[in-house]
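The values are calculated or read from the model by the stated rules, or taken from the named source; none is laboratory data. This structure is a prediction, so every number in the text was calculated from the model and none was measured. Here the Cβ positions follow ideal geometry from the backbone for every residue, glycine too, while neighbour counts run over all protein chains shown. Accessible surface areas use protein heavy atoms only, side chains included; no ligands, DNA or RNA. Shrake-Rupley method; radii C 1.70, N 1.55, O 1.52, S 1.80 Å.
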Amino acid sequence: MLNIFSLVNGRLVQEEIESLEELTRFQPIWVDLEAPTPEEKRWIKHHYALSIPEDATGEDIEESARFYEEDNGDLHVRSDFLIDDDEEPRSVRVAFILNQYNGGNKSRGVLFTIHDEDVPTFRLLRMRARRAPGLIEDAKDVLLKLFDADAEYSADTLENIYEALEKASTMVLSGEVTDELAGKVLGAIARQEDLNGRIRRNVMDTRRAVSFMMRSKMLNAEQFEEARQILRDIESLDNHTAFLFDKINFLMDATVGFININQNKIIKIFSVASVALLPPTLIASIYGMNFKYMPELDWTLGYPYVLALMVTSAVGPMWYFRRRGWLG
């Protein structure tokens, strides 16, 4: 899908392009390629003289090749954006290309974004830019606002993680924790831990991208200050992820502790039963011996006597254990 965004009265206006002829009618500041087809890439190369690398959104790109500036003025930034999906939280690699200086190309002042699937941060920026005139003034504003929206999206996701952990905490600490409940809680905690880790990695990646933009001296004074504010927001998010990791570890330890307590209760029951059955086993062993002369063998009440003795020897220890509170 190929979408272009032009500035009209201070607002971003979106157009979906379906042919090269349609592309030539607009002068956009932002060209968004979502899972572009080879034909759409050819349109971009033909009209803007811009070649999109085949590995633009690849996961195996060297770290040193994710932020760089070419001799012709093209600025290349590759950054990850979070998708908080209930079934499969993930990060999507987005490639940014911005021509800053080369006026000989139609791509000057145009931000190109390439990604394999729609990103919530992009939807958020499109909605805001339509409603708030003056929010976007040029392509660099689009790039900064995307990183700003990404930090805000990460903050909202962190709030959701905290709420999910509070629910897990209530289940674990409110009362009796069964093994089934503990299993569900551990699954929920593990998911939040994975999502929190993704956010931490995501904000670290955003910090690197914004820092690169600041070092490249491409921003004006107002944009530079906005970039500094984004870095401050990211710093607070980084601290919050560390707090959530501590909370996750505590809940994990508490849940595992309750599982161990349940297992200890079961082991205790087996241990008590084993000790209680030792005297009857001893009695049965004695009267199971094959000796010829045993006084009780010829006694009419010998069999009931031995049974009563075995029951008494079993009940006695159980009564003692219960009195000491070892069965509770």
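A few comments on the model shown:
- Nearest-0.05 FRET efficiency for GLU87 and LEU181, computed from C-beta distance (R0 25 Å): 0.65
- Among (1) 29.9, 92; (2) 30.1, 98; (3) 34.8, 120, the entry derived from the coordinates for Rg and Dmax of the Cα atoms in Å: (3)
- When SER51, SER169 are compared by accessible area at a 1.4 angstrom probe, the order from most to least is SER51, SER169.
- C-alpha long axis of helix 221-276 to longest principal axis of the chain, angle in °: 10
- Cα gyration tensor of region 224-328 - equivalent ellipsoid semi-axes, whole Å, descending: 68, 12, 6
- With R₀ set to 22 Å, the beta-carbon distance separating PHE224 from MET204 gives a calculated FRET efficiency near 0.55.
- Annotation: extensible slack from ALA164 through ALA190 equals 8.2 nm (criterion: 0.36 nm per residue apart, minus Cα-Cα distance).
- With contributions of -39500 (n - 2.57) from each DSSP H run of at least four residues, the per-residue ellipticity at 222 nm computed over the chain stands at -20000 deg cm²/dmol.
- Using the Cβ of GLU222 as centre and a radius below 12 Å, the other residues enclosed give a net charge of -3, where K and R count +1 and D and E count -1.
- R0 of 45 Å, Cβ-Cβ distance TYR305-ASP253: FRET efficiency to nearest 0.05: 0.25
- Computed over the chain: relative contact order in percent, which uses C-alpha pairs under 8 Å that are six or more apart: 14
- Between the helical axis of 120-131 and the longest alpha-carbon principal axis of the chain there is an angle of about 50 degrees.
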